[in-house]
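*Asks:* Sending over a structure as structure tokens; questions will come in a sec.
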Amino acid sequence: MAPSIVSDIELPRDIPESRQSSANVPIEKAFGLNNRTIIITGAGRGLGITLATAVLESGADAVRLDILPEPSAEEWEVITKLQKSTGVRAIYKNCDITNEEAVEKVVADCGEEARQRGKPVKGMISCAGIQQMVDAIDYPMDGFRRIMEVNVTGSFLISKYTARLLRDQKLGGSIVMIASMSGQIANRGLHCSAYNTSKAAVHQMCRSLAYEWGQWGIRVNTLSPGYIRTAMTDGLLQEKPEVEEQWMRGALLGRLGAPEDFKAPCVFLLADGSSWMTGADLRVDGGHCATA
Ligand SMILES: NC(=O)c1ccc[n+]([C@@H]2O[C@H](COP(=O)([O-])OP(=O)(O)OC[C@H]3O[C@@H](n4cnc5c(N)ncnc54)[C@H](O)[C@@H]3O)[C@@H](O)[C@H]2O)c1
């Protein structure tokens, strides 16, 4: 697919199509996701479902994967309305991202179905993740291992099979891994050593995968949220309500994040406008990490 030329600069001829800049398009297209399908894990609820909405609003079909047998009914209704009004497709598939066989099959199915719709898979958001608050000194090893299994191994598996599909399609693509500011800092008031360690691993995985897969035009970046009000943090705040006040002390914009705050940053990382961005982290934290 030749990008439409808006300047008279010629693209180098010796670079395969998957690695040519796709950013040389009018600016509204640089932020759009038309004519493609995006896979999103953890999109049965929380941040993942909001990011799926952003994908649909940007013109792509969204395949939502989650371990939950059914998506959250209320949020699914919003997506159904969006499908009817815009003609994009939202598909929900049950998948445990720690099960390699299941991940391999679901990604292959997504690829084939997307091809048949004429909207090839060109991106993936790895959003599924779990959290646990336990003192490190008493951490039960099965809990520690489960966090690593979902947040690290699961993120790797879905990335690996998406990358195989993108490599074989020869169209390039963008992988966005939802990491966390907790991959770079220890959160005051929270004892979450396994979670924080897992998110640091996601940051390093991103750089390593970006290094290996750039040859096929596959970009890999992380998006690192600060504190967002979702089912995940509601659980933490129910256990330790005093923590919210502590979080608010680092909130330079006077509020915690909402899932909607991540729609535009995530679409930017998926879209052609960020065509020369890979191996990077985009931190969106309301300024939390800017102060000590
Ligand atoms: N909420 C926050 O403050 C915050 C901050 C930074 C990063 N994050 C990250 O954002 C992502 C989404 O978090 P959220 O707050 O929406 O959490 P959430 O618990 O509301 O949603 C996570 C989703 O992942 C799914 N999931 C869990 N294990 C899975 C598995 N094995 N296979 C497939 N799906 C699975 C869950 O069913 C759920 O739908 C996570 O990666 C989380 O670490 C959240």
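*Asks:* Report every pair of residues separated by at least 6 positions or lying on different chains whose Cβ atoms are under 6 Å apart, first residue within the stretch 112-134 and farther than 27 Å from V202 by Cα and touching a residue at least 60 places away in the same chain (Cβ under 8 Å), second charged (D, E, K, R) and outside any strand (DSSP E or B).
*Replies:* Short answer, once both residue conditions are applied: K119/R36.
*Asks:* Just to be sure, is Q246 touching a residue at least 24 places away in the same chain (Cβ under 8 Å) and touching a Lys or Arg at 6+ places or on another chain (Cβ under 6 Å)?
*Replies:* The answer is yes for Q246.
*Asks:* Something else: Residue by residue through the stretch 240-251, note down the ones that are assigned to a helix (DSSP H, G or I) and exposed (fewer than 15 other Cβ atoms within 10 Å of the Cβ).
*Replies:* Across the stretch 240-251, the qualifying residues are E245, Q246, M248, R249.
*Asks:* Among the numbered criteria (1) outside any strand (DSSP E or B); (2) touching a strand residue (DSSP E or B) at 6+ places or on another chain (Cβ under 6 Å), which one does N24 miss?
*Replies:* N24 satisfies every listed condition except (2).
*Asks:* What is the number of the single condition among (1) of a type in the set (G, A, S); (2) out of contact with any Phe, Trp or Tyr (no Cβ under 6 Å at 6 or more places or on another chain); (3) over 23 Å from V284 (Cβ atoms); (4) touching a residue at least 24 places away in the same chain (Cβ under 8 Å) that S180 does not meet?
*Replies:* Unmet for S180, out of (1) of a type in the set (G, A, S); (2) out of contact with any Phe, Trp or Tyr (no Cβ under 6 Å at 6 or more places or on another chain); (3) over 23 Å from V284 (Cβ atoms); (4) touching a residue at least 24 places away in the same chain (Cβ under 8 Å): (3).
*Asks:* With the condition being more than 8 Å from the ligand (Cβ to nearest atom), among the hydroxyl-bearing types (S, T, Y) and under 21 Å from the mean Cα position of the chain (by Cα), I'd like the helices (runs of 4 or more DSSP H) fully within the stretch 126-239 carrying at least 1 qualifying residues.
*Replies:* 155-169, 193-213
*Asks:* Same structure again: What number of residues within the stretch 81-120 satisfy the criterion of being more than 16 Å from the ligand (Cβ to nearest atom) and either touching an Asp or Glu at 6+ places or on another chain (Cβ under 9 Å) or of a type in the set (D, E, K, R) (or both)?
*Replies:* 13
*Asks:* Right, here's the next one. Residues A200, A179: which one is closer than 19 Å to V150 by Cα, of a type in the set (G, A, S) and surrounded by fewer than 18 Cβ atoms within 10 Å (Cβ to Cβ)?
*Replies:* It is A200.
*Asks:* Further, regarding this structure: How about the stretch 1-46: which of its residues are at pLDDT 90 or above and polar (S, T, N, Q)?
*Replies:* Of everything in the stretch 1-46, those that are at pLDDT 90 or above and polar (S, T, N, Q) turn out to be N34, N35, T37, T41.
*Asks:* Any residue in the stretch 102-116 that is surrounded by fewer than 17 Cβ atoms within 10 Å (Cβ to Cβ), modelled with pLDDT of 95 or more and not in a helix (DSSP H, G or I)?
*Replies:* There is no residue in the stretch 102-116 that is surrounded by fewer than 17 Cβ atoms within 10 Å (Cβ to Cβ), modelled with pLDDT of 95 or more and not in a helix (DSSP H, G or I).
*Asks:* Now a separate question. Here's a check for you: in the stretch 252-286, which residue that is assigned to a loop (DSSP other than H, G, I, E, B) and out of contact with any helix residue (DSSP H, G or I) (no Cβ under 9 Å at 6 or more places or on another chain) is surrounded by the most Cβ atoms within 10 Å (Cβ to Cβ)?
*Replies:* Among those that are assigned to a loop (DSSP other than H, G, I, E, B) and out of contact with any helix residue (DSSP H, G or I) (no Cβ under 9 Å at 6 or more places or on another chain), it is L253.
*Asks:* Applying the selection to the stretch 47-80, what residues are of a type outside the set (S, T, N, Q) and away from the ligand (no atom under 16 Å from the Cβ)?
*Replies:* L56, E57, G59, A60, D61, E77
The values are calculated or read from the model by the stated rules, or taken from the named source; none is laboratory data. On a predicted model such as this, the values are computed, not experimentally measured, just so you know. Cβ sites come from the backbone with ideal geometry, for glycine too, and all protein chains shown count toward neighbours.
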